[in-house]
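Take a look at the structure set out below.
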Amino acid sequence: MAKSIQMKNVDIYYGKFHAVQDVNLSVPPRAVTAFIGPSGCGKSTVLRTMNRMHEVIPGARVEGRVELDGEDIYRPAVDPVEVRRAVGMVFQRPNPFPTMSIRDNVVAGLKLQGVRNKSHLEEVTERSLRGANLWNEVKDRLGRPGGSLSGGQQQRLCIARAIAVQPEILLMDEPCSALDPISTLAIEELMGELKKDYTIVIVTHNMQQAARVSDQTGFFNLKAAGQPGRLIELDNTEKIFSNPTEKATEDYISGRFG
């Protein structure tokens with residue numbers, strides 16, 4: 001199920017604005033890759049190119065290759081809807097459908113695909129909620145609105161919704177930034193479980209979180225204000241945090257940045 005991602009000589013634009021320059025990276029399957037770096041350096045932009053979500057912004061375009069197990073997802077014949085099914089996304093703030101039931105939140109993607117078999121939908125609901133470590137907390141109130149859950153539970157509900165369509169990859173854009181420490185810990189522990197079956201890429205401003213949850217870490221930075229963001233260094237997380245190759249990475253990790 002889990003697949004790898006390769007980015008080769010990728011440049012990302014929003015209209016005439018050159019947002020990110022010359023990204024080359026490889027994301028291995030069944031591992032957590034974290035992107036760190038200052039605000040505005042292109043971390044989330046790069047993340048969104050991995051499932052073509054950036055295309056919802058008018059004028060956005062990508063040059064270079066973004067490959068899912070060797071297949072360029074930007075080829076004209078590739079359906080972006082299929083890309084987003086294979087590469088799920090969890091956003092910064094929990095975004096369940098607030099008035100829709102917990103059950104219907106989980107299987108919303110399947111219903112959009114035309115799945116109507118009730119027993120199959122029930123099976124997927126339980127499997128996905130168990131996968132998101134939420135089943136025991138909500139199994140007796142599946143008919144209640146998704147918006148009735150706590151923030152941390154809502155984020156896990158969004159993860160359940162993402163994995164219900166059985167993607168190969170999960171992208172997480174600062175999934176804990178709106179959560180309290182206890183909920184954050186639950187999401188971090190969940191990442192450790194999910195990487196057994198999924199390839200995970202996470203953007204985080206929390207360097208301690210990157211150190212705790214990821215197998216490899218990429219540091220992004222800007223040369224100067226108004227210049228494109230760049231991937232400065234990508235390596236094993238332990239090496240990035242203990243002995244980075246680039247001085248800019250060391251300065252950022254040690255707090256001497258800027």
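The values are calculated or read from the model by the stated rules, or taken from the named source; none is laboratory data. This is a predicted model, so every value here is computed, not measured. Note that we place each Cβ from the backbone using ideal geometry, even for glycine, and neighbour counts take in every protein chain shown. The protein model used for the area step is the full one, side chains on, heavy atoms only, and it has no ligands, DNA or RNA in it. Shrake-Rupley method; radii C 1.70, N 1.55, O 1.52, S 1.80 Å.
If I filter segment 50-61 for residues that are open to solvent by 40 Å² or more (accessible area, probe 1.4 Å), under 26 Å from residue 209 (Cα atoms) and not in a loop (DSSP other than H, G, I, E, B), do I get at least one hit? Checked segment 50-61: at least one residue is open to solvent by 40 Å² or more (accessible area, probe 1.4 Å), under 26 Å from residue 209 (Cα atoms) and not in a loop (DSSP other than H, G, I, E, B).
With a requirement of 2 or more residues that are out of contact with any Leu (no Cβ under 9 Å at 6 or more places or on another chain) and on the phi > 0 side of the Ramachandran plot, none of the strands (runs of 3 or more DSSP E) lying completely within segment 1-47 satisfies it.
Considering segment 30-60 alone, what residues qualify as being in contact with an Asp or Glu (Cβ under 8 Å, 6 or more places away or on another chain) and either of a type outside the set (Gly, Ala, Ser) or without any contact (Cβ under 8 Å) to a residue 24 or more places away in the chain (or both)? Those that are in contact with an Asp or Glu (Cβ under 8 Å, 6 or more places away or on another chain) and either of a type outside the set (Gly, Ala, Ser) or without any contact (Cβ under 8 Å) to a residue 24 or more places away in the chain (or both): 30, 32, 33, 47, 48. Among the residues of segment 200-240, those identified as open to solvent by 60 Å² or more (accessible area, probe 1.4 Å), under 15 Å from residue 252 (Cα atoms) and in contact with a strand residue (DSSP E or B) (Cβ under 8 Å, 6 or more places away or on another chain) are 205, 223, 230. Just to be sure I understand the filter: pairs with C-beta atoms under 6 Å, separated by 6 or more residues or on different chains, first member in segment 217-238 and within 9 Å of residue 37 (Cα to Cα), second member hydroxyl-bearing (Ser, Thr, Tyr) and surrounded by 21 or more Cβ atoms within 10 Å (Cβ to Cβ). Which pairs pass? Note: pairs meeting the criteria are 219/249. Hey, could you check segment 62-95 for residues that are of a type in the set (Val, Ile, Thr) and outside any strand (DSSP E or B) and say which is surrounded by the fewest Cβ atoms within 10 Å (Cβ to Cβ)? Restricting to residues being of a type in the set (Val, Ile, Thr) and outside any strand (DSSP E or B), the top hit is 81. Listed by position, the helices (runs of 4 or more DSSP H) contained in segment 142-240 that have at least 3 residues being under 14 Å from the mean Cα position of the chain (by Cα) are 151-164, 181-194.
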